[in-house]
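> Once you've had a glance at the structure underneath, I'll fire off some questions.
FYI, it's all coordinate maths here, none of it is from the lab. The shown structure was predicted, so the numbers you read here are calculated from the model rather than taken from an experiment. Cβ placement follows ideal geometry from the backbone for every residue including glycine, while neighbour counts extend to all protein chains displayed.
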Amino acid sequence: MVLPIVPYGTPVLRKKCAPVTAVTDDLRRLIADMFETMASADGVGLAAPQVGHAIQLALVDVRDIPDRPSQVWIDGREADVDAFMPLVLVNPRIQPSGKAARAGEGCLSFPDIYGDVVRPAEVEVVALNERGEECRFKGGGLLSRAIQHEVDHLNGVLFIDRMESGELARVRADVEALLARTKAAMAKSR
Ligand code: ZN
């Protein structure tokens, strides 16, 4: 089932998400719905708060994006990214590393708004998967960026918070218009 994605201005996007206490069938159903939602929106990542659940769960799938390469290392060895996708991250802990890289980002909660964000090029990850097993790996390129963006969501942090002031100024009018639309829609549905 494709779920509605909440837009910027919805309070759940600013919540610090609660850890998942058990990987249950209900959680796996939510994961399946989130995958369907992410695919239908053409996204490379989706965090549970974006579909209204303030829990530490996010998905990433960076396949089929030839102009934005990704790398993955497992036990220090480079592995095939496509074979490693899609990724389910439950209760992820990350350690960004490497030099700063600037690249464009979008967010499914900010339709049609894109801006450059500077983030460390690599990230060490420890997370549970959809079977509740612990996974450790290191990501690079788009995969690193997408994971850092999604884990930010689990802490109530949004990509506009990471933009440098010039970039934020460039998108500010669009962000404010989106916020006004979200608030108007919330007032109407009250
Ligand atoms: Zn996002």
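> How much length would be gained if the chain were fully extended between ALA39 and GLU134, taking 0.36 nm per residue of separation minus their Cα-Cα distance, in nm to one decimal? It would help to have the intermediate numbers written out before the result.
On the way: separation 95, 0.36 × 95 = 34.20 nm, distance 2.50 nm.
Length gained, ALA39 through GLU134: 31.7 nm.
> When a footprinting reagent is the concern and you count Cβ atoms within 10 Å, what order do LYS138, LYS99, LYS16 take, fewest first? Display every interim value, and only then the final one.
On the way: LYS138 21, LYS99 7, LYS16 11.
Lowest to highest Cβ neighbour count: LYS99, LYS16, LYS138.
> So what is the calculated 222 nm ellipticity per residue for the chain, using -39500 (n - 2.57) for each DSSP H run with n of 4 or more, over all residues, to the nearest 500 deg cm²/dmol? Could the numbers behind the result be given before it?
Values: 5 runs with 62 residues, N = 190.
Helices in the chain give a 222 nm mean residue ellipticity of -10000 deg cm²/dmol.
> Fewest first, what order do MET34, MET85 take by the number of other Cβ atoms within 10 Å?
On the way: MET34 25, MET85 17.
Arranged by neighbour count, lowest to highest, MET34, MET85 become MET85, MET34.
> Quick one: which residues, 5 or more positions from GLY45 or on another chain, have an amide H under 5 Å from its amide H? H modelled 1.01 Å from N in the peptide plane, none for Pro or chain starts.
ASP61
> Give the cross-link partners of LYS16 among the lysines, using a straight C-alpha distance below 22 Å as the criterion and excluding same-chain residues fewer than 8 apart.
LYS183
> While we're on this one: Treating the beta-carbon of each Lys and Arg as +1 and of each Asp and Glu as -1, no other charges, what is the dipole magnitude of the chain about its Cα centre, to the nearest 20 debye? Intermediate values should be presented prior to the final figure.
Working: 23 positive and 27 negative charges, 161 e Å.
I would put it at about 780 debye.
> Ok, one more. Would you report the distance distribution of C-alpha pairs in the chain as whole percents per 10 angstrom bin, up to the bin with the largest distance?
9, 37, 38, 14, 2, 0
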